[in-house]
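Below is one structure, written out as structure tokens; the observations come after it.
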Amino acid sequence: MAVESLSITVLGSGTSVGVPTIGCHCAVCRSDDPRDKRLRPSIYVRYGDRGILIDSTPDFRQQALRAGIERVEAILYTHSHADHIMGLDDVRPFNFRQGGVIPIYGAAEHIENIQRCFHYIFSNHKSESSVPRLATHVFDSAPIDLFGLEFVPVRLCHGRGTVHGFRFGQAAYLTDHSDIPEESMGLLAGLDVLFLDALRHRPHPTHSTVERSLESVGRLAPKRAFFTHICHDLAHAATEQMLPPHVRLAYDGLELTVSGARG
Ligand SMILES: [Zn+2]
Ligand SMILES: [Zn+2]
Ligand SMILES: [Zn+2]
């Protein structure tokens, strides 16, 4: 059955160390604006009675409680950096509630890293305590059909590494990247909502900046764009004042509804 609409909840909009950053006394880390409090980067996609998680951050438990998440039918991984995977153990309550295994999807290299990092989950030795019950799936470029909605992997450059964003319905989520390869641009045309990495203003070897992501938005021309994976260089309110009206900073708890139809 076709998915008519889906909701996207931003669980975290922060960079790998989060904002506030431990020990930092800068204006953004001390800000009272709740939009300047950024947990590690992740979104939750809901349609019908299904819930799909993109990345399981070290803050996942807190994020799931805050967003009232009651189901996780699958997890899609953009890549295996610590800020995107370290909450994986905290999916156990969904195993208990839902029964059965939770499928997780990633590119081969990143699934291997997850298996190495969480060796106790994937080991054949029977554990005396509970471990997440998961089924691993490796994707390449083919769309992944999850309960009637296609998630299209979008290859991205993250410094020298390769990671993936995902296009689904009229939205796409492109966290950590320094470049969008030419062949991926075609997958991103005609979007209603585009999430993009924009770490800060200053250049970074593995992340896009506000300026670079504004260029990507200019080329891809989505109706609306939201920057994410933001560090403490960017104050929410002051940064938005410099941006065109259809480009905003994502913030933790932001919820959007988009069409599930492919454009
Ligand atoms: Zn990251
Ligand atoms: Zn700071
Ligand atoms: Zn990364």
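The values are calculated or read from the model by the stated rules, or taken from the named source; none is laboratory data. Note that the coordinates shown come from a computational prediction; the quantities given were computed from them, not determined experimentally. Cβ placement follows ideal geometry from the backbone for every residue including glycine, while neighbour counts extend to all protein chains displayed. Just the protein is used for accessible areas: all its heavy atoms, side chains included, with ligands, DNA and RNA removed. Shrake-Rupley method; radii C 1.70, N 1.55, O 1.52, S 1.80 Å.
With all protein chains present, calculate the accessible area of Val131 using a 1.4 Å probe and round the result to the nearest 10 Å².
Approximately 40 Å² of Val131 is accessible to the 1.4 Å probe.
Compute the distance in nm between two label points, each set 7 Å from the Cα along the Cα-to-Cβ direction, one at Lys126 and one at Glu112.
3.2 nm
Sorted from largest down, give the three principal axis spans of the alpha carbons of the range 10-67, whole angstrom values.
42, 19, 16 Å, listed from the longest principal axis down.
In square angstrom, rounded to the nearest 10, how much accessible surface does Thr239 have for a 1.4 Å probe?
Using a 1.4 Å probe on the heavy atoms, I get roughly 10 Å².
Can you pull the percent of the chain's accessible area that's carbon plus sulfur, 1.4 Å probe, other chains left in place? Kindly include the intermediate steps, with their values, before the conclusion.
Values: 6110 of 11830 Å².
Taking all protein chains in place, the chain shows 52 percent carbon and sulfur surface.
With every protein chain kept in the model, how would you rank Met242, Met86 by accessible area, 1.4 Å probe, largest at the top? Write out the running numbers ahead of the final one.
Details: Met242 115, Met86 85 Å².
The residues order as Met242, Met86, largest area first.
For the range 90-131, with the dipole built from +1 on Lys and Arg beta-carbon atoms and -1 on Asp and Glu ones, taken about the Cα centre, which of Gln115, Gly99, His125 lies farthest toward the positive end?
Value: Gly99.
If amide hydrogens are placed 1.01 Å from N in the peptide plane, which non-local residues have theirs closer than 5 Å to the one on Arg224?
Val193, Leu194
State the antiparallel share, in %, of DSSP beta bridges confined to the range 1-143, rounding to the nearest 5. Kindly include the intermediate steps, with their values, before the conclusion.
Numbers: 11 of 21 bridges.
Percentage antiparallel, nearest 5: 50.
What accessible area per residue comes out for the chain, rounded to a whole number of Å², with a 1.4 Å probe? Let's see the in-between values first.
Working: 11830 Å² over 263 residues.
On a per-residue basis, the chain sits at 45 Å².
Roughly what % antiparallel, to the nearest 5, for the DSSP beta bridges in the chain?
Values: 31 of 54 bridges.
Of those bridges, close to 55 percent are antiparallel.
If one puts a single equal scatterer on every Cα of the chain and applies the Debye formula without solvent, what log₁₀ I(q)/I(0) results at q = 0.14, 0.17 Å⁻¹?
Rounded to two decimals, the profile gives -0.93, -1.39.
Report ³J(HN,Hα) in whole Hz for each residue of the range 127-133, in order, from the Karplus equation J = 6.51 cos²θ - 1.76 cosθ + 1.60 where θ = phi - 60°; Gly and Pro get x.
7, 6, 10, 7, 10, x, 9
What is the distance in Å between the Cα centroid of the range 90-157 and that of the range 33-85?
The range 90-157 and the range 33-85 have Cα centres spaced 14 Å from each other.
Whole number please: convex hull volume per residue, Cα atoms of the range 146-263, in Å³.
On the way: hull volume 12.5 nm³, N = 118.
Dividing the Cα hull volume of the range 146-263 by its residue count gives 106 Å³.
Can you give the local net charge around Tyr251? Use residues other than it whose beta-carbon is closer than 11 angstrom to its beta-carbon, Lys and Arg +1, Asp and Glu -1. Could the numbers behind the result be given before it?
Details: positive: Arg35, Lys37, Arg38, Arg248; negative: Asp33, Asp36, Glu240, Asp252, Glu255.
Its environment carries a net charge of -1.
From largest accessible area down, sort Glu128, Glu182; use a 1.4 Å probe on the protein chains. Could the numbers behind the result be given before it?
On the way: Glu128 195, Glu182 125 Å².
Ranked list, largest accessible area first: Glu128, Glu182.
Enumerate the whole-percent occupancy of each 5 Å bin, from 0 to the last occupied one, for all C-alpha pair distances of the range 56-205.
Binned Cα distances yield the sequence 2, 8, 16, 21, 20, 16, 9, 5, 2, 1, 0.
In whole Hz, with x marking every Gly and Pro, tabulate ³J(HN,Hα) for the range 117-122 from phi via Karplus 6.51 cos²θ - 1.76 cosθ + 1.60, θ = phi - 60°.
For the range 117-122, the Karplus curve yields 5, 10, 4, 5, 6, 9 Hz.
Output the Cα-based Rg and Dmax of the range 169-215 in Å, rounding Rg to one decimal and Dmax to a whole number.
When restricted to the Cα atoms of the range 169-215, Rg and Dmax are 10.9, 32 Å.
Students often check this: by mean Cβ neighbours within 10 Å, which of 166-174, 196-204 ranks highest, and how do the rest follow?
Ranked by mean Cβ neighbours within 10 Å, highest first: 166-174, 196-204.
Once the other residues with Cβ under 14 Å from the Cβ of Pro203 are scored (Lys, Arg +1; Asp, Glu -1), what is the net sum? It would help to have the intermediate numbers written out before the result.
Details: positive: Arg200, Arg202, Arg212; negative: Asp179, Asp197, Glu211, Glu215, Asp233.
That works out to -2.
Quick one: which residues, 5+ away or cross-chain, put their amide H under 5 Å from the amide H of Val131? H built at 1.01 Å from N.
Hits under the 5 Å cutoff: none.
So how exposed is Asp192, as accessible area in Å² (1.4 Å probe, rounded to 10)?
The accessible area of Asp192 comes to roughly 40 Å².
Can you list residues from other chains, or at least 5 along the same chain, whose modelled amide H is less than 5 Å from the amide H of His158?
Amide H neighbours of His158, under 5 Å, 5+ apart: Val163, Ser178.
Using the Karplus curve 6.51 cos²θ - 1.76 cosθ + 1.60 with θ = phi - 60°, work out ³J(HN,Hα) for each residue of the range 187-201 in order, rounded to whole Hz, and write x for Gly and Pro.
Values, residue by residue: 7, 10, 7, x, 8, 7, 9, 10, 8, 9, 4, 8, 4, 5, 7 Hz.
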